[in-house]
Amino acid sequence: MIEIALYQPDIAPNTATILRLAACLGLRVRIIEPAGFVWSESAFRRAGMDYLARADVVREASFAQFLDHIAGRRLILFSTRGKAAYTQFSFAAGDVLLFGRESSGVPGAVAARADHRLVIPMRAGLRSLNVALAAAMAAGEALRQTGGFGYNPAPGPAPGDEGEAT
């Protein structure tokens with residue numbers, strides 16, 4: 001299973017958005033502590049809505065503990081200093097997609113532990129994407145490549161969908 005890992009996230013609404021994404025896609029999220037916010041329902045409520053109860057979250061006390069728990073799996077770091085475009089990379093089913101702090105990324109010692117460093121190509125002169133958007137793009141590509149999308153829609157329109165809007 002593809003997993004998302006957040007290294008000491010700073011912004012609760014971004015984390016909640018990623019938890020919602022993971023709940024919807026059936027992914028586990030590993031939070032590498034300490035987070036830069038108080039972990040509480042009220043901090044996550046707006047962005048996470050009622051999806052948070054369905055999220056598979058593992059809170060790791062440290063980066064060392066995180067590494068122990070993912071031993072034997074590839075650690076894929078997403079960074080503005082990545083060496084290869086994520087769309088040119090071959091993902092595998094057990095990969096762990098690592099995203100750094102919104103304010104400062106990951107320290108060099110953490111980056112050095114990654115098996116691969118990937119970048120989401122952007123227009124020149126722009127600094128970075130929001131971490132939740134980056135996680136969604138990366139997870140989508142990894143799931144596409146590994147056949148990890150488990151969604152099998154029922155035939156016909158979704159409940160409440162009376163047809164396409166024009």
Taking the dipole of the chain about the Cα centre (Lys, Arg +1; Asp, Glu -1; charges at Cβ), the one of Ile4, Ala84, Leu52 that reaches farthest to the positive side is Ala84
In nanometres, the difference between 0.36 nm per residue of separation and the alpha-carbon distance of Arg127 and Met1 is 42.3 nm
Treating only Lys and Arg (+1) and Asp and Glu (-1) as charged, each at its beta carbon, one finds that the chain has a dipole about its Cα centre, in Debye to the nearest 20, of 580 debye
The residues Ile70, Ile18, sorted from fewest to most surrounding Cβ atoms within 10 Å, come out as Ile70, Ile18
When Leu6, Leu52, Leu21 are arranged by how many other beta-carbons sit within 10 Å of their Cβ, fewest first, they go Leu52, Leu21, Leu6
Over all viewing directions the Cα convex hull of the chain casts an average projected area in nm² of 11.7 nm²
With only helices counted (DSSP H, runs n ≥ 4, each -39500 (n - 2.57)), the per-residue ellipticity at 222 nm for the chain, to the nearest 500, works out to -9000 deg cm²/dmol
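No value in this document is a laboratory result; all are computed from the given coordinates. What you are looking at is a predicted structure, and each value in this text was computed from that prediction instead of being measured. Every residue, glycine as well, gets a Cβ built from its backbone with ideal geometry; the counts of neighbours run over all protein chains shown.
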